[in-house]
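Chemist: Dumping the structure here so I can ask a few things about it.
The values are calculated or read from the model by the stated rules, or taken from the named source; none is laboratory data. All values derive from a computational prediction rather than experimental measurement. Note: ideal-geometry Cβ built from the backbone for every residue, glycine included; neighbour counts use all protein chains shown. Quick note on the areas: whole protein, heavy atoms, side chains included, nothing else; ligands and nucleic acids left out. Shrake-Rupley method; radii C 1.70, N 1.55, O 1.52, S 1.80 Å.
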Amino acid sequence: MKLVFAGTPEVAVPALDALIASGRHEVAAVVTRPDAPAGRGRHLVASPVAQRAEEAGIEVLKPGRPREEAFLARLREIAPDCCPVVAYGALLPRVALDVPVHGWVNLHFSLLPAWRGAAPVQHAVMAGDEITGASTFLIEEGLDSGPVFGTVTEEVRPTDTSGDLLTRLAFAGSGLLAATMDGIEDGTLKAVPQPADGITTAPKITVDDAHVDWAAPALRVDRVVRGCTPAPGAWTVFRGERLKLIQVTLAPDRTDLAPGALSVGKNNVYVGTGSFAVELLWVQAQGKKPMRAADWARGVRIAEGEELGVR
């Protein structure tokens, strides 16, 4: 088939690579978000998908909005058979959805109908899911509600951050998306409507969502830290300033600390929660680089009785 691939961030690149490498289909063009400011100089930088497409000599389309007439006209000229999508980042209007014969097929990083929305992997980690996966489905105008072509499953490991899990799903999902294109092309694959039961939603994680509540159980604290890593980053407050929490581990033997209370040893920093303590492993103070929590504690000279989470 002739394909137009839509995607923007680094997590979409493995799927684009898989489609290019398959040799069975022609990736005629790529649709991605416009160049965005990045780095200290805030210079405009092309998206990871745009950069990969340019390296491969593939035409790149960067509409401000996918309902722009110039973009729609070019899409009609290309006349794709199907448009695979991975984390494109913009809503597709009906007029665009109607262009390809086989529609737009999205690779979504959950086992639909679970975790429909912008942040499925983060929500899966924060909810304590043991199994997640990826799904390919036909895009409709509803939120991730279209019929499903196929799925792959992936274990959520006890120490996974959302970044770890998303990286694995990006590569597992790339094979699923390529196989879905093959099945659509040869007519062996039909989309199946999603069940009405088991629907959960996964809205974008906000900075407020990433604020750690030390009165919550230790398991919840650990999941919030892992689910919000690398973005937007779990955080708490120390001496009136934000402290980013990069990595913690459960410390079930420490049940002597009140929520937010700190206990500092030579090589360990413990914080009380609503159940047992967690040990801080890596943190990042405002304006500083990430560092081991023990080094941070030595540097700030934590006094007896100081707590985290006190605004």
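Chemist: Pairing the Cα long axis of helix 218-227 with the longest principal axis of the chain, what angle in degrees results, from 0 to 90 and rounded to the nearest 10?
Modeler: It is inclined by approximately 40 degrees.
Chemist: Could you check the simple spin-label distance between residue 10 and residue 54, using points 7 Å along Cα→Cβ, in nm with one decimal?
Modeler: 1.8
Chemist: Give me the 1.4 Å probe accessible area per residue for the chain, excluding ligands and nucleic acids, in Å². Mind showing how you got there, number by number?
Modeler: On the way: 14940 Å² over 311 residues.
With all protein chains present, the chain gives 48 Å² per residue.
Chemist: So, one more: Dipole magnitude of region 196-311 about its Cα centre, charges +1 at Lys/Arg Cβ and -1 at Asp/Glu Cβ only, in debye to the nearest 20? Show your work: numbers first, answer last.
Modeler: Numbers: 15 positive and 13 negative charges, 106 e Å.
The calculated dipole for region 196-311 is roughly 520 debye.
Chemist: How much length would be gained if the chain were fully extended between residue 295 and residue 182, taking 0.36 nm per residue of separation minus their Cα-Cα distance, in nm to one decimal?
Modeler: 35.4 nm
Chemist: Also: Give me the tail of P(r) for region 135-250 as a percent: Cα-Cα pairs with distance above 19 Å.
Modeler: Looking at region 135-250, the distances longer than 19 Å represent 60 percent of pairs.
Chemist: Using only Cα atoms, locate the centre of region 93-144 and the centre of region 241-305, then give the distance between them in Å, rounded to an integer.
Modeler: Cα centroid to Cα centroid, the span is 37 Å.
Chemist: Still on this structure: Could you tell me what a quarter of the Cα convex hull surface of the chain works out to, in nm² with one decimal place?
Modeler: Taking a quarter of the hull surface, the average projection is 17.8 nm².
Chemist: Could you work out the local net charge near residue 261, counting Lys and Arg as +1, Asp and Glu as -1, over the other residues with Cβ closer than 13 Å to its Cβ?
Modeler: -3
Chemist: A further question follows. With +1 assigned to the C-beta of every Lys and Arg and -1 to the C-beta of every Asp and Glu, and no other charges, what is the dipole magnitude of region 154-249 about the Cα centre in debye, to the nearest 20?
Modeler: Dipole of region 154-249, to the nearest 20 debye: 480 debye.
Chemist: Another question, if that's okay. Please report, in whole Å³, the volume per residue of the convex hull around the C-alpha atoms of region 1-107. Kindly include the intermediate steps, with their values, before the conclusion.
Modeler: Working: hull volume 10.2 nm³, N = 107.
With only Cα atoms used, region 1-107 gives 95 Å³ per residue.
Chemist: With +1 on each Lys and Arg Cβ and -1 on each Asp and Glu Cβ, how big is the dipole of the chain about its Cα centre, in debye rounded to the nearest 20?
Modeler: Dipole of the chain, to the nearest 20 debye: 1060 debye.
Chemist: Bin by bin, in steps of 10 Å, what percent of the Cα pairs in region 56-146 do you find, going until the bin that has the longest distance?
Modeler: Taking all Cα pairs of region 56-146, the binned fractions are 15, 44, 27, 12, 2 percent.
Chemist: For a 21 Å ceiling on Cα separation, which of these pairs sit above it: 244/289; 2/62; 62/204; 204/288?
Modeler: Check vs 21 Å cut-off fails for 62/204; 204/288.
Chemist: If you don't mind, another one. Report, to the nearest 10°, how far helix 162-186 tilts away from the longest principal axis of the Cα atoms in the chain, using its own Cα long axis and a range of 0 to 90°.
Modeler: For 162-186 against the chain, the angle is about 10 degrees.
Chemist: Roughly to the nearest percent, how much of the accessible area of region 193-311 is carbon and sulfur, given a 1.4 Å probe?
Modeler: 51
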